[in-house]
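Worksheet: the structure to be examined is printed underneath.
The values are calculated or read from the model by the stated rules, or taken from the named source; none is laboratory data. Model, not experiment: these values are computed from the prediction. A quick note on method: Cβ atoms are made from the backbone with ideal geometry, for glycine too, and the neighbour counts reach across all protein chains shown.
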Amino acid sequence: MSVPRQERQGQDMALTVGIVAIIAVFSLLPMVRLLQEVVLPGGRFSLNVIHAGIVGSTTWRATWNTLCVGLGGTAFSLILGVAVALLVSLTDVRRRQAFVLCFVTPLMIAPQVTALAWLQLFGPSSPLLDLLGLAPPLGAPNPLYSPEGIVLLLGIQYAPLVFLIVRAGLRKLPRELVEAARSAGAGWFTVLRTVILPLMTPSIVGAAALTFVSCVGNFGIPAFLGIPANYLVLPTLIYQRLAGGGPAVLSEAAFLSVLIGVVAMVGIVLQDRISRRRDFRITATSLPAAPYSLGRWRHPVELGMWLLIVIILVLPLVGLVLTSLVRGYGVTLSADTATLENYRFILFEHAAARRAFVNSLYLSFGAAAFAVFAAIPLGYAIAWGKNRWIKVLNLAVELPYALPGVVLAIASLLLFLKPVPITGIHIYNTVWIILYAYLARFLVLAVRPAVSGYLQLDRALEEAAQVAGAGLFTRLRTIVFPLVAPAAIAGGLLIFMTALSELTVSALLWSSEAETIGVIIFAFEQGGDSKYAAAVSAIMVASTFLLMLLANLLAGKLPSGVLPWRD
Amino acid sequence: MAGLSIKDVTKRFDGASALDGVSIDVADGEFLAVLGPSGCGKTTLLRLIAGFETLTGGCIRIGEREVSSRHVNVPPEKRRVGIVFQNYALWPHMTVAENIGYALKVARISRAEREERVRRALALVDMERYGGRRPASLSGGQRQRVALARCLVAEPRLVLFDEPLANLDVHLRASMEDEFADFHKRTGTTVLYITHDQAEAMALADRIAVIDHGRLMQLATPQTIYHEPANEMVASFISQGMVLPATVESPEADGHCRVRVLDQDLVVRCRKGERPRDKARICCRASQLTAVTAKKPGFDGTVKRAVYRGGAARIEFEPDGAPHLGLHFERPDPVTFAAGSRARLALTSGWLIPAVEAA
């Protein structure tokens, strides 16, 4: 009696079909639709859209600006991030855990909140400068409304990203390599220059590429700082075009978003080229090198590091909170004039703000929950699958996140402008189109931790269940899910935090009744109601902190590196 | 219980051959060890039998049922084999009792019966009091026993051991060896035991299958493997046997024949029907080499190294007639041999390795 090969394939097939469906719907479909709009508008091959885009001088100015702030922001965050990573990883500075938590926090705060906080810090109406008697006269332009301001904030926003990647690389640096160089007579700076930094090239270049992509695709910071100065980058240009022209200008917007994609890809390709030039592979892993004793410089260095935290985190947040307590523009803040009126207004009176809170909560929870459940089978296929298309699969999941959010937003618009075929469901101008875009964009944030969870797991645990007679779905439910869930849930939490005040995607997809918190903050600020924007932002920062602390409770069960702010 | 039949099994990974025409028959209730150096393909064999890999050619039967061939592949969960994994693979999120009862739960066996069978399985490995504990709170030996109980509870037709002692310290190994032997005696399960440790294989197995470079080298009882290796690989792999070139000078008579080896005439054991031939090889053990005085038959040479091993020394020796041939033997205290000194040795016995065709 023989059993056909197909017997085992039933559940395998179901899993494969499910994974392919997720990838197709959330990754391939939007990208294909976008390219189709640019090259085959209306179903016929044409270069008209590309031609129309190329001749416009605004396009070129915005592209040039995008490159400038992209490169500037990348350079700034590289310097800051690498320096801090070296100090934290290689020297004997104290209170690392607390410092890392504080230093990484800007990454967790939405860019537009960062922008708002800094604007409140430096502007003529800054309550903090006002308290100190340093405020510029009312009506004077805010110094941050400039390309330099954008570069500064992009640098602060993404320095933690560089820090995390370089720090992960430094952790893998075997101490033998450092010790061999030292016993060959090299001093610490020589070791740093000739051994450590060269070996960190892949991490640093990788971090640079990722930061560049993030800077180029960032919408919140250039929107808050660039639009008032009429300094447009590609994402803000797209936003303005769409806000002014609506769906009629979609083709043009599609072209512009592909242009951002191209700029971002150049960064990634460059990174690939540079990393391949030399052999940077580290063979053995062992204990990390003994920390370098700073000696009498320890106190000054520690002081400097905490001063940095005060400047990049504490001051802007204080500025933000103070602004949220002000009664009106130009009113000097004091114990007598401070008020919670702004909080009351946004929480109880302003209908759109209340809707936005509810919408964003539902949206981020939905996106996080879906991603956790999708990440477990996806991670299973990526980490443990035997097929050749695994690499393609991984790339397909990463793509929507690697590309700037504007690209995905435009793709979603194109996909759902008309009702979904066959079903006739119309999700354009509803909250569902935002959910779709969130799902596509953030899925990878849960897949990555899940994959690292799988890689730390002994495959024999699953095989033991298999020989015990458990089929694929039973194994997934009883063995794999309980073991990988903490990592995937931590990923879900990251998604929840990121999606809660997301702006880039929702700025292009929102509609009346379907506002999100990010959009509301943006709208308040654009309408000149900084105090309301500050109040909403303050609430968001507080909830982000709470969620980070909540996630720390899970930390014991997680693979290291899943929670970025845990050192 | 059921026997296992592996017929002409071949497995290639991306063109590289991992197993090549291996055939092994394991009788019902037999304890068979698969022995070989690391990378020889023994783990691949286990994974093929368990169903984690698909084979390139040949077929595998468990009992009467064909489970693997070019056209058939019964999934692991339907094969009813038990595996004791090298690192135990106990599920950390379940208690000991839940670990053991998992297979029964999957098979939808009633709660009462499940509990009874888990209790019996725990008793079998002497772990009754540990049912509520988590695997993390157990010692290495206790985890091993839980793993054993877990694979037994579903009454598998065949139990596969994947180097189960590799992660234990020396003392624990000895006592676990005893337990495995005891367990096999009590349950009468068919066992396939993968190991790279010859002492383990010799101590436990009814028969040993020696595998090298994906090929079956010899399948025989431990005694036969030791005394009558079928080829040079087995001869040199088992107990560091020495392989010496020889000329067969007389036909086999009564299981012996006369050979000339290193200028010495010697009577060695051999297979039936051996005839005089050139370029033969004999296998001898360190215990079959002794130092002799100048007049006695033997061969001269130089001591290359003397390594003291506590109570005895291992002497490495180079015969004048064949300087590339490293011989070694043991000398009890007091050791008089030193590196560079001259000595005369003689072989006392040996085994004529069969010609390649005969193997």
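Closer than 26 Å to B:Ser5 by Cβ, surrounded by fewer than 16 Cβ atoms within 10 Å (Cβ to Cβ) and at pLDDT 85 or above, is that true of B:Thr190?
Working: closer than 26 Å to B:Ser5 by Cβ: yes; surrounded by fewer than 16 Cβ atoms within 10 Å (Cβ to Cβ): no; at pLDDT 85 or above: yes.
Judged against the criteria, B:Thr190 is not a match.
Limited to the range A:237-247, what total is found for residues that are without any contact (Cβ under 8 Å) to a residue 60 or more places away in the chain and not small (Gly, Ala, Ser)?
Taking the range A:237-247 as the starting set, the residues that turn out to be without any contact (Cβ under 8 Å) to a residue 60 or more places away in the chain are A:240-241, A:243-246.
Applying the additional criterion that residues be not small (Gly, Ala, Ser) yields A:240-241.
Within the range A:237-247, residues that are without any contact (Cβ under 8 Å) to a residue 60 or more places away in the chain and not small (Gly, Ala, Ser) number 2.
Evaluate the range A:368-384: report whether one residue or more is in a helix (DSSP H, G or I), touching a strand residue (DSSP E or B) at 6+ places or on another chain (Cβ under 7 Å), modelled with pLDDT of 85 or more and closer than 30 Å to A:Arg344 by Cβ. So that I can check it myself, show each step before the final result.
Of the residues in the range A:368-384, the ones in a helix (DSSP H, G or I) are A:368-384.
In the following step, the residues that additionally are touching a strand residue (DSSP E or B) at 6+ places or on another chain (Cβ under 7 Å) were identified as none.
Looking for residues that are in a helix (DSSP H, G or I), touching a strand residue (DSSP E or B) at 6+ places or on another chain (Cβ under 7 Å), modelled with pLDDT of 85 or more and closer than 30 Å to A:Arg344 by Cβ, one finds none in the range A:368-384, hence no.
Going through A:Ala140, A:Ala115, A:Ala159 one at a time, which residue ends up being at pLDDT below 85 and either over 28 Å from the mean Cα position of the chain (by Cα) or within 17 Å of A:Cys215 (Cα to Cα) (or both)? Break it down into steps so the answer makes sense when it comes.
Values: A:Ala115 fails: at pLDDT below 85; A:Ala159 fails: at pLDDT below 85.
Being at pLDDT below 85 and either over 28 Å from the mean Cα position of the chain (by Cα) or within 17 Å of A:Cys215 (Cα to Cα) (or both) holds for just one of A:Ala140, A:Ala115, A:Ala159, which is A:Ala140.
Please work out if A:Ala470 is within 11 Å of chain B (Cβ to nearest Cβ) and buried (at least 20 other Cβ atoms within 10 Å of the Cβ).
Here the answer is yes, as A:Ala470 does meet what is asked.
Rundown of residues vs (1) surrounded by fewer than 23 Cβ atoms within 10 Å (Cβ to Cβ); (2) over 16 Å from the mean Cα position of the chain (by Cα); (3) at positive phi; (4) outside any helix (DSSP H, G or I), yes/no style:
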| residue | (1), (2), (3), (4) |
| --- | --- |
| A:Thr211 | no, no, no, no |
| A:Ser214 | no, no, no, no |
| A:Ile221 | no, no, no, no |
| A:Phe224 | no, yes, no, no |
| A:Gly246 | yes, yes, yes, no |
| A:Ala253 | no, yes, no, no |
| A:Val262 | yes, yes, no, no |
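Conditions tested, residue by residue: (1) more than 20 Å from A:Ala254 (Cα to Cα); (2) in contact (Cβ under 8 Å) with a residue 60 or more places away in the chain; (3) away from chain B (no Cβ under 14 Å).
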| residue | (1), (2), (3) |
| --- | --- |
| A:Tyr401 | no, no, yes |
| A:Ile410 | no, yes, yes |
| A:Thr423 | yes, no, yes |
| A:Ile427 | no, no, yes |
| A:Gly453 | yes, yes, no |
| A:Leu461 | yes, no, no |
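Matching residues to (1) without any contact (Cβ under 8 Å) to a residue 24 or more places away in the chain; (2) among the acidic types (Asp, Glu); (3) surrounded by 21 or more Cβ atoms within 10 Å (Cβ to Cβ):
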| site | (1), (2), (3) |
| --- | --- |
| A:Ser146 | no, no, no |
| A:Ile150 | no, no, yes |
| A:Leu177 | no, no, no |
| A:Ala186 | yes, no, no |
| A:Phe189 | yes, no, no |
| A:Leu197 | yes, no, no |
| A:Thr201 | no, no, no |
